[in-house]
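Report on the following structure.
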Ligand SMILES: [Zn+2]
């Protein structure tokens with residue numbers, strides 16, 4: 001039964017022929033390339049996530065008086081950053 005398609009060449013693959021890497025399916029021939037594509041995508045997403053939290057770098061977010069004031073000011077940003085990005089969820093197929 002054909003249930004997969006290679007991500008690279010779109011060849012139809014059945015259970016025995018399909019290789020899977022982080023949710024991406026490849027034929028035997030393109031497995032290495034699909035791993036590379038997938039890792040590249042993943043790094044891009046992780047970089048995006050990192051940029052989102054950059055705003056907090058060097059800011060006192062401890063429980064000191066200043067830290068508490070900062071946390072209050074940055075509350076919307078903190079909430080955005082603590083939420084998992086939809087893109088990462090999509091990537092992981094959840
Ligand atoms: Zn292929």
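Read-outs: derived from the displayed coordinates by stated rules, not from any lab. As the structure is a prediction and not an experimental result, all values here were calculated from the model. Neighbour counts run over all protein chains shown; Cβ positions are idealised from the backbone, glycine included.
Some notes on this structure:
- Rounded if a/c under 1.5, otherwise prolate or oblate - the range 2-92, Cα gyration tensor axes: prolate
- Extension gain for the segment residue 72 to residue 35, taken as residue separation times 0.36 nm less the Cα-Cα distance, is 9.1 nm to one decimal.
- Here the gap between residue 20 and residue 83, fully extended at 0.36 nm per residue and compared with their Cα-Cα distance, gives a gain of 19.9 nm.
- Degrees, to the nearest 10: 31-53 long Cα axis against longest axis of the chain: 10
- Percent RCO, i.e. relative contact order, over the chain, from Cα pairs under 8 Å lying at least 6 residues apart: 18
- Cα-projected label distance for residue 28 with residue 49, points at 7 Å along beta-carbon direction, nm: 3.5
- Projecting label points 7 angstrom from Cα along Cα→Cβ for residue 61 and residue 11 puts them 4.7 nm apart.
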